[in-house]
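Since every read-out is calculated from the coordinates, none of them should be taken as a lab result. All of these numbers come straight from a predicted model, not from anything done at the bench. Note that each Cβ is placed from the backbone with ideal geometry, even for glycine, and that neighbours are counted across all protein chains shown.
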Amino acid sequence: MDWMTFITKIIDSVAWPLAIVLVIWWLKSHIGQLIPFTKKFKYGELEIEFDQQLKELKKEAKASKLEHATPERDSSEMLKYLSETAEVSPRAAIVDAWVGLELTAFSSASLLGIGNDKRPMPFSRLIQILESEGIIKANDALILSKLQRLRNEALHSPDFQITKNEAQEFAELARDMADLIAGECFQKSGGCGH
């Protein structure tokens, strides 16, 4: 073995570890920000935990609710049902809360003639239409999209784990967004005078 082959083999065996060290060094300021999210990690793409996403959505929805000044509605029976469901199956409570949100959104939109087609419309399309018609704001559409992603994660992820409290928080947030859509559609349709 000559010295050129020897140097080539050394470089070949050190290249990847050195590249990894350089990337970690380059990202060191950002790694500290990712630590709160390392409770759940998925190779290929960073996956933030359900609870963290839910907290962020609650903050966004609270700001949106203040912006819309939606009236409080007594939904204690529904939330009681979802709380009892969460005791048995938090995943089922999330699905039930989501179904309630979708039903409210579609029936409210039908007041305005949206979604009366014979073909079923995906929820994401309904949200796009409500936003383009000025019924909900862009921020509300984003909150609804994120809620849908959380629902999808709860429904389809085989290793999904959620607490009863997280399921209840999701249900409350879904209820708030359903109320927001219903109120905005009702006002846009002319309210009681229509």
### Message
Filter region 93-116 down to the residues that are hydroxyl-bearing (Ser, Thr, Tyr), within 19 Å of GLU172 (Cα to Cα) and either surrounded by fewer than 24 Cβ atoms within 10 Å (Cβ to Cβ) or in contact with an Asp or Glu (Cβ under 7 Å, 6 or more places away or on another chain) (or both) and list them by number.
### Response
THR104
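From the list ILE129, ILE136, pick out the single residue that is out of contact with any Leu (no Cβ under 8 Å at 6 or more places or on another chain), without any contact (Cβ under 8 Å) to a residue 60 or more places away in the chain and either small (Gly, Ala, Ser) or on the phi < 0 side of the Ramachandran plot (or both). Write out each step before concluding.
On the way: ILE136 fails: out of contact with any Leu (no Cβ under 8 Å at 6 or more places or on another chain).
Answer to the check: ILE129.
Is it fair to say ILE143 is part of a loop (DSSP other than H, G, I, E, B) and crowded, with 19+ Cβ neighbours inside 10 Å? Lay out the reasoning, then the answer.
Values: part of a loop (DSSP other than H, G, I, E, B): no; crowded, with 19+ Cβ neighbours inside 10 Å: yes.
The answer is no for ILE143.
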## Note on the structure
Taking region 117-160 and keeping residues closer than 24 Å to ALA92 by Cα and of a type in the set (Asp, Glu) leaves GLU153, ASP159
### Residue list for region 147-168, filter: more than 15 Å from GLU102 (Cβ to Cβ) and surrounded by fewer than 19 Cβ atoms within 10 Å (Cβ to Cβ)
GLU153, HIS156, SER157, PRO158, ASP159, PHE160, GLN161, THR163, LYS164, ASN165
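Collect the residues in region 150-194 that are within 16 Å of the chain's Cα centre (by Cα) and of a type in the set (D, E, K, R), keeping them in residue-number order.
Kept after step one, since they are within 16 Å of the chain's Cα centre (by Cα), are these residues of region 150-194: 150-157, 160-162, 166-178.
Of everything in region 150-194, those that are within 16 Å of the chain's Cα centre (by Cα) and of a type in the set (D, E, K, R) turn out to be ARG151, GLU153, GLU166, GLU169, GLU172, ARG175, ASP176.
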